[in-house]
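Trainee: Below is the structure I would like to discuss, written out as structure tokens.
The values are calculated or read from the model by the stated rules, or taken from the named source; none is laboratory data. What you are looking at is a predicted structure, and each value in this text was computed from that prediction instead of being measured. Here the Cβ is made from the backbone with ideal geometry for all residues, glycine too, and neighbour counts use every protein chain on show. For accessibility, only protein heavy atoms count, side chains too; no ligands or nucleic acids. Shrake-Rupley method; radii C 1.70, N 1.55, O 1.52, S 1.80 Å.
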Amino acid sequence: MQILLVEDHAPLREQVAALLRGAGHRVAEASDGRLGLQQALADLPDVLVLDLGLPGLDGLQVCQRLRREAARHVPTLMLTARDALADKLAGFATGADDYLVKPFAPEELLARVAALARRPQAGQDFELQVGSLRIDRRAREAYRQGQRLALPPLAFQLLLLLAEAHPRALTRSELIHRLWDDDPPESDPLRSHLYQLRQQLDKPFSPPATPMLKTVHGIGFRLESDACNDA
């Protein structure tokens, strides 16, 4: 993997870089927050190992700006001496994926880096396109034929699940589990959200647009590309 290590304490930076290289990773280094952000945006790493207390920009600012400006998700491990719950919550709030407190065991650092790289969102583009449908994961907005779809949160999440699975169909049980885990509402939990999605995705176009949300009888639901702007 390509790893960017941003740490201002030179001896520790050298130690961590050697550890990562010894495990077979390629490592780029930066000693302050501004340089680290510039390097990350210029060549997005597979994993970012980021100190919290940095000169220039601190780790929270680096993480926040990376989430706002990068074209895809960069898994980020915050490596810091701050062990208070408030510091950890602040790190997660700005977009950190994991948090490791100094001092740490070398084996744990390597294990956490490897786990971050395996997460489903690792390296995922923030924008997803299916035909004329464009979904911005970061802004949580969806557009069809350039028109913004006014989707409630669950209808948006339902659309995102179907778009990520495209062209495969998802069963009702898959969708229910992904939306509500093990605590779905009683009766038919999908019905109203499918109706809301259809009303926004397929109805408000003149002339009428090709329906994209399809019922696959005996299986579930899928998105069908309208072939406009499709790769």
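Trainee: Kindly rank 95-107, 47-59 from highest to lowest mean number of other beta carbons found within 10 Å of each residue.
Mentor: Ranked by mean Cβ neighbours within 10 Å, highest first: 47-59, 95-107.
Trainee: Using a simple charge model, +1 on the beta-carbon of Lys and Arg, -1 on the beta-carbon of Asp and Glu, nothing else, what dipole does the chain show about its Cα centre, in debye to the nearest 20?
Mentor: Computed about the Cα centre, the dipole is about 660 debye.
Trainee: Remind me, relative contact order of the chain in percent, using alpha carbon pairs under 8 angstrom and six or more residues apart? If you can, show how the numbers build up before the last one.
Mentor: On the way: 364 pairs, mean separation 30.9, N = 231.
The normalised contact order for the chain reaches 13 percent.
Trainee: Another one. Toward the positive end of the charge dipole of the stretch 1-115, about the Cα centre and with charges on Cβ (Lys, Arg +1; Asp, Glu -1), which of 3, 56, 70 goes farthest?
Mentor: Ranked along the dipole, the leading option is 70.
Trainee: Let me ask another. Averaging the inverse of every distinct alpha carbon separation and then flipping it gives the Kirkwood radius. What is it for the stretch 17-103, in angstrom units?
Mentor: Details: mean 1/r = 0.0765 Å⁻¹.
In the stretch 17-103 this quantity evaluates to 13.1 Å.
Trainee: Moving on. Carbon and sulfur atoms: what percent of the 1.4 Å accessible area of the chain do they account for?
Mentor: Working: 5890 of 11780 Å².
Answer for the chain: carbon and sulfur cover 50 percent of the accessible area.
Trainee: Continuing with this model, one more query. To the nearest whole percent, what portion of all C-alpha pairs in the stretch 154-217 is separated by more than 20 angstrom?
Mentor: Considering the stretch 154-217, 27 percent of its Cα-Cα pairs are separated by more than 20 Å.
Trainee: Rounded to the nearest whole Å², what accessible area per residue is found for the chain with the 1.4 Å probe?
Mentor: 51 Å²
Trainee: Place +1 on the Cβ of every Lys and Arg and -1 on the Cβ of every Asp and Glu in the chain, take the dipole about the Cα centre, and give the residue among 209, 139, 175 whose Cα lies farthest towards its positive end.
Mentor: Farthest along the dipole direction, towards plus: 209.
Trainee: Okay, moving on. If you average the alpha carbon positions of the stretch 167-203 and of the stretch 37-104, how far apart do those two centres end up, in angstrom?
Mentor: Centre-to-centre (Cα) distance: 34 Å.
Trainee: Going highest first, how would you order 203-212, 31-40, 161-170, 77-86 by mean Cβ packing within 10 Å? Could the numbers behind the result be given before it?
Mentor: Working: 203-212: 12.0, 31-40: 19.9, 161-170: 17.4, 77-86: 15.3.
Taking the mean over residues of other Cβ atoms within 10 Å, the ranking is 31-40, 161-170, 77-86, 203-212.
Trainee: Now, a different point. Amide H to amide H, which residues 5 or more places from residue 57 or on other chains are under 5 Å from it, using H placed in the peptide plane?
Mentor: 33, 34
Trainee: Continuing with the same structure: Would you mind listing how long the stretch 107-204 runs along its three principal axes, going by Cα atoms, in whole Å with the largest first?
Mentor: Computed over the Cα atoms, the extents are 54, 36, 23 Å.
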